[in-house]
């Protein structure tokens with residue numbers, strides 16, 4: 001498929017013809033070597049600033065209904081290579097880069113504990129092209145990841161949406177250019193207020209008490225959460241919390257005779273493409289903090305080449321903030337069965353993120369076989385800009 005956009009008598013073309021052959025195909029054959037550990041779960045919630053004791057405090061976790069450390073549902077993405085993004089970025093689209101556009105999750109019961117291992121199957125689901133103010137003709141592509149337990153049962157499914165756009169066109173339009181915004185410097189009184197709000201949220205349900213479904217009303221709001229200020233250091237912590245980003249944690253495992261399309265040139269700039277031969281000797285060559293398409297998150301010079309204008313955060317982190325915020329409100333007896341988020345813009349260096357949520361619907365009989373509530377979330381910056389919208393369907397205790 002090929003789409004043209006005419007502006008000032010100049011055709012802007014997005015060539016997606018190489019992508020068509022992969023639609024519906026199984027893609028991205030990679031697997032983690034090791035099961036999850038308690039330390040990795042702790043590293044995850046520390047990086048995502050999710051201070052729920054059942055995920056890091058051994059004594060409180062043992063005293064809970066779980067009897068020990070248990071991972072948050074958001075940790076499922078860290079059990080995978082590529083956090084769902086890779087199967088949505090298949091095929092060569094010349095002159096492009098990628099940002100994450102959103103995630104949809106289905107969970108099928110159960111929790112991840114230390115010692116658990118998940119196996120993945122990934123498929124390229126398809127794409128569509130739309131015109132955007134950010135970069136003109138833009139490709140929105142979907143990839144599916146099924147997460148299976150070792151006994152073959154389905155634990156979760158993720159549909160990830162990637163936004164593939166023309167680098168030169170994004171730079172020309174300058175929506176996120178470095179000249180359009182300045183990194184905010186926070187004063188002591190402002191930081192004191194951020195710290196106060198953060199601590200109040202942490203204390204709002206530290207005990208993990210779940211609200212009764214019958215006592216929850218449409219219009220109820222979740223305690224406001226604040227995350228940040230975001231810095232290159234916090235972005236680095238988040239990146240390292242993904243198990244795949246620790247040296248040597250995963251391997252390619254394509255069936256014999258099959259070339260994995262994930263290793264082919266996607267159309268990225270040369271200095272933002274992995275060198276798989278060089279990484280055999282130097283692991284940094286496969287480490288996204290230094291090389292590859294994600295290196296623009298922490299490298300301002302590279303970020304400017306792809307229309308971002310400065311260091312910026314990860315879509316996978318924003319989705320985790322959404323899931324964790326809902327789960328914290330739902331308590332230890334709550335469970336998220338379905339979640340969907342759309343990423344409106346990145347979290348940039350210097351910003352803080354406010355997470356707000358509201359009960360918008362109640363279902364006495366849901367498709368999940370339990371009474372549920374639907375939570376609508378919205379993430380905003382200190383300037384009021386929306387960076388994420390989402391929903392989550394959550395089951396709660398419902399005894400009279």
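At q = 0.12, 0.15, 0.18 Å⁻¹, what is the log10 ratio I(q)/I(0) for the stretch 197-348, with the Debye formula run over Cα points and no solvent?
With no solvent term, the Cα-only Debye profile gives -0.71, -0.95, -1.15.
Run the simple label-point estimate for residue 333 and residue 301 please: 7 Å along Cα→C-beta, distance reported in nm.
5.8
Taking 60 Å as R0, compute the FRET efficiency from the Cβ-Cβ separation of residue 190 and residue 117 and round it to 0.05.
Once the sixth-power term is evaluated, E becomes 0.85.
For a protection proxy built on the mean count of beta-carbon atoms within 10 angstrom, sort 91-102, 312-323 highest first, please. Can you show the working numbers first?
On the way: 91-102: 21.5, 312-323: 25.7.
So the order, starting with the most tightly packed, is 312-323, 91-102.
Going out from 0 in 5 Å bins, what whole percent of all Cα-Cα distances in the stretch 281-369 drops into each bin?
Percent of Cα pairs in each bin: 3, 10, 17, 17, 15, 11, 10, 8, 6, 3, 1, 0.
Could you state the number of Å between the C-alpha centres of the stretch 20-89 and the stretch 301-374?
Comparing the Cα centres of the stretch 301-374 and the stretch 20-89, I get a distance of 15 Å.
Based on the alpha-carbon gyration tensor of the stretch 78-203, what equivalent-ellipsoid semi-axes (square roots of 5 times the eigenvalues) come out, in whole Å, largest first?
Details: eigenvalues 204, 165, 21 Å².
Each semi-axis is the square root of five times an eigenvalue, giving 32, 29, 10 Å.
Evaluate the relative contact order of the stretch 266-358 (contact order divided by residue number), counting alpha-carbon pairs under 8 angstrom at least 6 apart; express in whole percent.
About 19 percent, as a whole number.
What relative contact order, as a whole-number percentage, does the stretch 93-238 give when Cα pairs under 8 Å and 6 or more residues apart are counted?
That works out to 22 percent.
Defining a contact as two alpha carbons under 8 Å apart and six or more residues distant in sequence, what relative contact order in percent does the stretch 1-105 show?
Reported as a whole number, the value is 27 percent.
For the stretch 228-274, just say rounded, prolate or oblate: build the C-alpha gyration tensor, square-root its eigenvalues into a ≥ b ≥ c, call rounded for a/c under 1.5, and beyond that prolate if a/b exceeds b/c, oblate if not.
Note, shape of the stretch 228-274 comes out oblate.
Could you work out how much longer the chain between residue 17 and residue 199 gets when fully extended? Use 0.36 nm per residue separation minus the Cα distance between them, nm to one decimal.
60.4 nm
Where the Cα atoms of the chain are projected onto their three principal axes, how long is each span, largest first, in whole Å?
66, 54, 42
Can you tell me which of 237, 328, 343 moves the most in a GNM of the chain? Springs connect C-alpha atoms under 10 Å apart.
Comparing 237, 328, 343 in a Gaussian network model of the chain, the most mobile one is 237.
Using 13 Å as the cut-off for backbone N distance, which residues of the stretch 119-144 belong to the label zone defined by a point 7 Å from the Cα of residue 389 along Cα→Cβ?
Nothing falls inside the zone, counting backbone N under 13 Å.
The numbers here are math on the coordinates, done by the rules we state, and not lab data. Bear in mind that the values here come from a model prediction, so they are computed numbers and not experimental data. Cβ coordinates were reconstructed from backbone atoms using ideal geometry, including for glycine residues, and neighbour counts include every protein chain displayed.
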